[in-house]
Amino acid sequence: MAQKKRKPTFKMPPKTSWHLYSLQELHPEKFIKVVNKILKREYLLIK
């Protein structure tokens, strides 16, 4: 029997742009990490 080749799994690129509404839904730990990166200008805040 011929073995089936699996497609390589696609990984989404990391999210670097954040909207105010999406920040409201985050858990507190994740929110703190994202806000710190926004303040360091590693992430972009969309208003």
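Under 27 Å between C-alpha atoms is the cut-off here; go through the chain and count lysine pairs that meet it, provided they're at least eight residues apart or on different chains. Number of lysine pairs found: 15. Qualifying GluC sites (Glu not before Pro) in the chain, where qualification requires a DSSP coil assignment and no more than 15 other C-beta atoms within 10 Å, comprise Glu25, Glu42.
Relative to its Kirkwood radius, the Cα radius of gyration of the chain gives an Rg/Rh of 1.32. Placing a pseudo-label 7 Å from each Cα along the Cα-to-Cβ vector at Phe31 and Ile46 gives an inter-label distance of 2.1 nm. Taking amide hydrogens as placed 1.01 Å from N in the peptide plane, the amide H of Leu45 sits under 5 Å from those of Trp18, each at least 5 positions away in sequence or on another chain. Measure nothing fancy, just the Cα-based angle from helix 28-39's long axis to the longest principal axis of the chain, in degrees from 0 to 90, nearest 10. Approximately 70 degrees, to the nearest 10. Qualifying chymotrypsin sites (Phe, Trp or Tyr not before Pro) in the chain, where qualification requires a DSSP coil assignment and no more than 12 other C-beta atoms within 10 Å, comprise Phe10. In terms of accessible area, using a 1.4 Å probe and ignoring ligands and nucleic acids, Leu45, Leu39, Leu23 rank largest first as Leu39, Leu45, Leu23. The charge dipole of the chain, taken about the Cα centre with unit charges on the Cβ atoms of Lys, Arg (+1) and Asp, Glu (-1), comes to about 420 debye, rounded to the nearest 20.
The values are calculated or read from the model by the stated rules, or taken from the named source; none is laboratory data. All values reported here derive from a predicted model rather than from experimental measurement. Positions of Cβ are backbone-derived with ideal geometry, glycine not excepted, and every protein chain shown enters the neighbour counts. Each accessible area value is taken on the protein alone, full model and side chains, heavy atoms only, with ligands, DNA and RNA left out. Shrake-Rupley method; radii C 1.70, N 1.55, O 1.52, S 1.80 Å.
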